[in-house]
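*Asks:* Supplied in structure tokens, the structure appears directly below.
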Amino acid sequence: MTDPVLSVENLSTHFFTRAGVVKAVDGVSFDLAKGEIMGLVGESGSGKTVTGFSLLGLVDAPGRIVAGSIKLNGTELTTLSEKALRARRGREISMIFQDPIATLNPMLTIGQQMRLAIDAHERLSARAAEARAADLLTQVGIPSASARLRAYPHEFSGGMRQRVAIAIALLHHPAVIVADEPTTALDVSIQAQILFQMRDLARETGTALIWISHDLAVVSSLASKLAVMYAGRIVEQGPTAKLLRDPRHPYTAGLIGSLPATAKPGVPLTQIPGTTPSLLSLPRGCPFAPRCDRSTKRCGTDPEMTLQDGRGWRCFHPVGQDTEVPA
Amino acid sequence: MSAFLTVDNVSRLFGPNLSTGEKIAAKLGAKVETRSVRAVSDVTLSVHKGETLGLVGESGCGKSTLGRVIAGILPPTSGTVAIDGAPVMENGSKITTRVQTVFQDPFASLDPRMKVGDTVAEGPIAHGLTNKSEAGRYVSKWFERVGLDPVWVDRYPHQFSGGQRQRIAIARALAMQPDVLICDEPVASLDVSIQAQIINLFLELTRDLKLTSVFISHDLSVVQHVSDRVAVMYLGRIVELGPVAQVFGTPAHPYTAALFGSVPKLVLDAEELVYFDTIEGEVPSPLAPPTGCYFHPRCPLSSEICSVTQPLIQPVSDLRAVACHHFKSQLADNVSH
């Protein structure tokens, strides 16, 4: 296998608040190959967005990366200066945010904003820059692109704005794009169009994609592998179909079971009791243990990631396996 | 079975708020922008006692406006809503407590400065369902009913999680002892695991209290799970109506088919990633809807007649109705797929 474009090892991002230390991301590791799409799934507060922000070095005080390594094309990012990071952000790794209204500057035309993004990393003539911008808008499915370059964000619909944000992220053909719930605010018909396009774009350009989402169905139709986050850590990861068909971690199993799409109409859904724990006062050991019907005394200590057949889970009592993980 | 909740030919328009000066100017013949949006257009439907009707559609299709008109929160521009024959509104104000609403955002729908117990007790006291001395016991009963600990009545909304707040909102609605419950995206802002808890609570309560309900959601899988029948809306009109299994299984309207086709499915057994169908283009502006059938510019089945004549909603079978010139082709299409 070739070297991964992105390699994250034991990443921990903590927030030092007045109320205490919030371990938003706690020991996250994964690899991403060229052109690969990984889904990062979890509920609100599970740390998926902070993981994405950490990859781009966008974590602001009181938060900071306290441990771990992020290697992009072999370069360690966590020790880089802000200036060196800026030179990579947008060129080698870029991000698409959930809310395209907040991402785009309302005072500039789409063309001006795309020009700024190009100028940040390259010297191009006005004509070449415009051609590149129009070309990318066409690629993401915006009709009559060169005319639309002169339009302002408010003249676009939500779906079209998100396409513009995607086009901007693609301007420099980055090796990795982190997409943070980019279709959550959109209608299903528009979401389907964008998912479809992103999958093709990743395939064509070789850009690796991290798709952050709370929606298992969305990532299952897009990503070839999944990582499920709970309370700041990845509790299960592996190839999408395998992980969804045959989940090992009780939390993953619970998430799948609680989807109405997997149940018979009218029948009560499987529910995970309780709520996600506060990151300020995580239980000792496995953070899911208080909500887990498989938990035992042993879950008072934190399980390590068990790796097997290209997948992994952090649980002593995995679902669908008769034998528990040996002590 | 007879209709319990009836919505008869309801339309709701939203126009610009004109200032007095503008009104006078318009009277004198000046050009003042008076275009209005038909958020809900000629909707007729009925819900049987104890039935749950799902209302689905994309943003801006008018499903929330219709929900608010049925709940008596917004007066309709024309048409009537009645429960068991009695109108919900008279002269623009609500005259019944028999219909109550649970809203999408439990952060906005609860008064942050009011103890949650008082929030739940306010309506029943005002309408004589309980009195001040009995209110404590009355509220506790409803707290227990929705799975909340009654010792929490003295807390404020910020002390609760999203799921708990939605339970409080449900308790507030049910404490009015309604016959009809309107749920406007009640689980849209909740995490999946909490969403399942609220859906289960909804199923249990509507069954036990024999509630008639309208469940509004953009999430088709949620609607499919909780509803008996479903109405699909597009640009203010109902384009298809029928039993959930039939509408979801064999859609008669091309929009319904396209909408279901674009929902990402949980891919459980395919090693190869699936391709799902997508609808071309976007929902047109309701300020300037297309001529004829509103869906025709995006419709794979559209023909000449579709751009000229608006299709009326007509029965397909005893239980189903659809507004499409080519529903027979659509039904045949389903079979061939």
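The values are calculated or read from the model by the stated rules, or taken from the named source; none is laboratory data. Please read these numbers as outputs of a predicted model, since none were measured by experiment. Here Cβ is always computed from backbone atoms with ideal geometry, including for glycine, and neighbour counts include all displayed protein chains.
*Asks:* From the list B:Thr212, B:Thr206, which residue is touching a residue at least 24 places away in the same chain (Cβ under 8 Å), of a type outside the set (A, V, I, L, M, F, W, C) and in contact with a Lys or Arg (Cβ under 6 Å, 6 or more places away or on another chain)?
*Replies:* Values: B:Thr206 fails: in contact with a Lys or Arg (Cβ under 6 Å, 6 or more places away or on another chain).
None of the other options fit; the residue is B:Thr212.
*Asks:* Here's another thing I want to ask about it. Tell me which residues, restricted to the stretch B:196-214, are more than 7 Å from every other protein chain (Cβ to nearest Cβ) and small (Gly, Ala, Ser).
*Replies:* B:Ser213
*Asks:* Mind listing whichever residues of the stretch B:277-301 are within 23 Å of the chain's Cα centre (by Cα) and modelled with pLDDT of 90 or more? Talk me through it step by step, then tell me what you get.
*Replies:* Our first condition is that a residue be within 23 Å of the chain's Cα centre (by Cα); within the stretch B:277-301, this holds for B:279, B:282-287, B:289, B:293-295.
Matches in the stretch B:277-301: B:Cys293, B:Tyr294, B:Phe295.
*Asks:* Next question, about the same structure. Determine whether B:Glu240 is among the acidic types (Asp, Glu) and either assigned to a loop (DSSP other than H, G, I, E, B) or over 17 Å from the mean Cα position of the chain (by Cα) (or both).
*Replies:* Numbers: among the acidic types (Asp, Glu): yes; either assigned to a loop (DSSP other than H, G, I, E, B) or over 17 Å from the mean Cα position of the chain (by Cα) (or both): no.
No, not satisfied.
*Asks:* Hey, another quick one. What number of residues within the stretch A:125-154 satisfy the criterion of being under 24 Å from A:Ile101 (Cβ atoms), in contact (Cβ under 8 Å) with a residue 24 or more places away in the chain and not aromatic (Phe, Trp, Tyr)?
*Replies:* Number of matching residues: 13.
*Asks:* Does the stretch A:73-114 hold any residues that are of a type in the set (A, V, I, L, M) and more than 16 Å from the chain's Cα centre (by Cα), and which are they?
*Replies:* A:Leu77, A:Leu80, A:Ala84, A:Leu85, A:Ala87, A:Ile101, A:Ala102, A:Leu104, A:Met107, A:Leu108, A:Ile110, A:Met114
*Asks:* Further, regarding this structure: Can A:Pro239 be described as more than 10 Å from chain B (Cβ to nearest Cβ) and either on the phi > 0 side of the Ramachandran plot or over 13 Å from the mean Cα position of the chain (by Cα) (or both)? Give the steps one after another, and end with the answer.
*Replies:* On the way: more than 10 Å from chain B (Cβ to nearest Cβ): no; either on the phi > 0 side of the Ramachandran plot or over 13 Å from the mean Cα position of the chain (by Cα) (or both): yes.
No.
*Asks:* With the checklist (1) crowded, with 24+ Cβ neighbours inside 10 Å; (2) at the interface with chain B (Cβ under 9 Å from one of its Cβ atoms) in hand, flag the one item A:Ala227 doesn't pass.
*Replies:* In the conditions (1) crowded, with 24+ Cβ neighbours inside 10 Å; (2) at the interface with chain B (Cβ under 9 Å from one of its Cβ atoms), A:Ala227 misses (2) alone.
*Asks:* When you check A:Thr183 against the structure, is it farther than 19 Å from A:Leu104 by Cβ, at pLDDT below 90 and either of a type outside the set (Lys, Arg) or crowded, with 24+ Cβ neighbours inside 10 Å (or both), yes or no?
*Replies:* Working: farther than 19 Å from A:Leu104 by Cβ: no; at pLDDT below 90: yes; either of a type outside the set (Lys, Arg) or crowded, with 24+ Cβ neighbours inside 10 Å (or both): yes.
In short, no.
*Asks:* Could you pull out the residue among B:Ser193, B:Ser189 that is within 7 Å of chain A (Cβ to nearest Cβ) and closer than 21 Å to B:Ser161 by Cα?
*Replies:* Values: B:Ser189 fails: within 7 Å of chain A (Cβ to nearest Cβ).
On inspection, the qualifying residue turns out to be B:Ser193.
*Asks:* Give me a count of the residues in the stretch A:1-44 that are in contact (Cβ under 8 Å) with a residue 40 or more places away in the chain and basic (Lys, Arg).
*Replies:* Of the residues in the stretch A:1-44, 2 are in contact (Cβ under 8 Å) with a residue 40 or more places away in the chain and basic (Lys, Arg).
*Asks:* Given the structure, is A:Gly300 more than 23 Å from B:Ala196 (Cα to Cα), small (Gly, Ala, Ser) and surrounded by fewer than 17 Cβ atoms within 10 Å (Cβ to Cβ)?
*Replies:* Working: more than 23 Å from B:Ala196 (Cα to Cα): yes; small (Gly, Ala, Ser): yes; surrounded by fewer than 17 Cβ atoms within 10 Å (Cβ to Cβ): yes.
Answer is yes for this residue.
*Asks:* Are there any pairs, at least 6 apart or on different chains, whose C-beta atoms fall under 7 Å, with the first in the stretch B:239-250 and more than 11 Å from chain A (Cβ to nearest Cβ) and more than 13 Å from B:Thr44 (Cα to Cα) and the second modelled with pLDDT under 95 and surrounded by 24 or more Cβ atoms within 10 Å (Cβ to Cβ), and if so, which?
*Replies:* Filtered contacts from the stretch B:239-250: B:Val247/B:Thr256.
*Asks:* Restrict the check to the stretch B:94-106 and report whether at least one residue is without any contact (Cβ under 8 Å) to a residue 60 or more places away in the chain and farther than 19 Å from B:Leu174 by Cα.
*Replies:* Looking only at the stretch B:94-106, we keep the residues that are without any contact (Cβ under 8 Å) to a residue 60 or more places away in the chain, and these are B:94-96.
Okay, now just the ones that are also farther than 19 Å from B:Leu174 by Cα, so none.
Looking for residues that are without any contact (Cβ under 8 Å) to a residue 60 or more places away in the chain and farther than 19 Å from B:Leu174 by Cα, one finds none in the stretch B:94-106, hence no.
*Asks:* Please count how many residues of the stretch A:270-321 are away from chain B (no Cβ under 13 Å) and of a type in the set (Phe, Trp, Tyr).
*Replies:* Qualifying residue count for the region: 2.
*Asks:* If you don't mind, there's one more thing I want to ask. Condition test on A:Gly238, is it under 25 Å from B:Glu204 (Cα atoms), surrounded by fewer than 24 Cβ atoms within 10 Å (Cβ to Cβ) and either at pLDDT below 90 or of a type outside the set (D, E, K, R) (or both)? Outline the logic, then answer.
*Replies:* Working: under 25 Å from B:Glu204 (Cα atoms): no; surrounded by fewer than 24 Cβ atoms within 10 Å (Cβ to Cβ): yes; either at pLDDT below 90 or of a type outside the set (D, E, K, R) (or both): yes.
Criteria not met by A:Gly238.
*Asks:* Right, something else. Would you confirm, using the coordinates I've provided, whether B:Arg145 is surrounded by 14 or more Cβ atoms within 10 Å (Cβ to Cβ), charged (D, E, K, R) and within 28 Å of B:Ser2 (Cβ to Cβ)?
*Replies:* Values: surrounded by 14 or more Cβ atoms within 10 Å (Cβ to Cβ): yes; charged (D, E, K, R): yes; within 28 Å of B:Ser2 (Cβ to Cβ): no.
Spelling it out, it is not the case that B:Arg145 is surrounded by 14 or more Cβ atoms within 10 Å (Cβ to Cβ), charged (D, E, K, R) and within 28 Å of B:Ser2 (Cβ to Cβ).
*Asks:* Could you look through the stretch B:251-270, keep only residues that are within 11 Å of chain A (Cβ to nearest Cβ) and outside any loop (DSSP other than H, G, I, E, B), and pick out the one that is surrounded by the most Cβ atoms within 10 Å (Cβ to Cβ)?
*Replies:* Taking the stretch B:251-270 and keeping what is within 11 Å of chain A (Cβ to nearest Cβ), we get B:255, B:258-270.
Now restrict to residues that are outside any loop (DSSP other than H, G, I, E, B): B:255, B:258-262.
Working: B:Tyr255: 28, B:Ala258: 21, B:Leu259: 26, B:Phe260: 20, B:Gly261: 17, B:Ser262: 22.
Only one residue fits best here, namely B:Tyr255.
*Asks:* Could you list, in sequence order, all residues of the stretch A:143-194 that are at the interface with another protein chain (Cβ under 10 Å from one of its Cβ atoms) and part of a helix (DSSP H, G or I)? Write out each step before concluding.
*Replies:* Pass one, the stretch A:143-194, residues at the interface with another protein chain (Cβ under 10 Å from one of its Cβ atoms): A:143, A:157-160, A:183, A:185-194.
Passing the criteria: A:Gly158, A:Gly159, A:Met160, A:Val188, A:Ser189, A:Ile190, A:Gln191, A:Ala192, A:Gln193, A:Ile194.
*Asks:* One residue is enough: does the stretch A:260-277 have a residue meeting the conditions on the phi > 0 side of the Ramachandran plot and within 24 Å of the chain's Cα centre (by Cα)? Don't jump to the end; show me each part of the working.
*Replies:* In the first step, residues of the stretch A:260-277 are kept if they are on the phi > 0 side of the Ramachandran plot; the result is A:266, A:274.
From what is left, the residues that are within 24 Å of the chain's Cα centre (by Cα) are none.
No, the stretch A:260-277 has no match at all.
*Asks:* For the stretch A:22-117, list the strands (runs of 3 or more DSSP E) that sit wholly inside it and hold at least 1 residues that are within 14 Å of another protein chain (Cβ to nearest Cβ); which are they?
*Replies:* Values: elements: A:37-41, A:63-72, A:93-96.
Correct list: A:37-41.
*Asks:* Related question: Considering only residues that are at pLDDT 85 or above and more than 7 Å from chain B (Cβ to nearest Cβ), which ones fall in the stretch A:254-269?
*Replies:* Answer for the stretch A:254-269, where residues must be at pLDDT 85 or above and more than 7 Å from chain B (Cβ to nearest Cβ): A:Ile256, A:Gly257, A:Val267.
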